[in-house]
């Protein structure tokens, strides 16, 4: 896979001057996979997020994206997502802070991050 294909396949890319500010995931849900939420701070101070399901086979589906004006507003996004997960799967399923690995476009690992 070349760099352009990798960029298109990525759930989120982090460009120069941007930083990953958080990663959250549920425990595995049998027959579904994991729900995940990633967030980055952009150069202008706004935060972009991506919410998706990582299926048991590794495929990423149901990707939803958004932007909030500040990192503090990510708590609101997390609260909304967790509310929807509780309604669907029960109180035991929620997004929790987790270590997320990041890779360069050529597949090399970058440092891990924890919110």
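Has segment 88-105 got at least one residue that is modelled with pLDDT under 95 and in contact with a helix residue (DSSP H, G or I) (Cβ under 8 Å, 6 or more places away or on another chain)? Yes, segment 88-105 contains at least one residue that is modelled with pLDDT under 95 and in contact with a helix residue (DSSP H, G or I) (Cβ under 8 Å, 6 or more places away or on another chain).
For segment 15-35, residues that are surrounded by fewer than 18 Cβ atoms within 10 Å (Cβ to Cβ), modelled with pLDDT under 95 and either touching a helix residue (DSSP H, G or I) at 6+ places or on another chain (Cβ under 8 Å) or over 16 Å from residue 57 (Cα atoms) (or both) total 6. Only one of the numbered conditions (1) loosely packed, with under 11 Cβ neighbours inside 10 Å; (2) modelled with pLDDT under 95; (3) touching a strand residue (DSSP E or B) at 6+ places or on another chain (Cβ under 9 Å) is violated by residue 69, and that is (2). Determine whether residue 38 is over 17 Å from residue 12 (Cβ atoms), crowded, with 17+ Cβ neighbours inside 10 Å and touching a strand residue (DSSP E or B) at 6+ places or on another chain (Cβ under 8 Å). Answer is no for this residue. Considering (1) on the phi < 0 side of the Ramachandran plot; (2) free of Cβ contacts under 8 Å to residues at least 24 places away in the same chain, say which one residue 58 fails and leave the rest. The one condition residue 58 does not meet is (1).
The values are calculated or read from the model by the stated rules, or taken from the named source; none is laboratory data. Here the structure is a predicted model, which is why all the values come from computation and not from measurement. Virtual Cβ from ideal backbone geometry, glycine too; neighbours counted across all protein chains shown.
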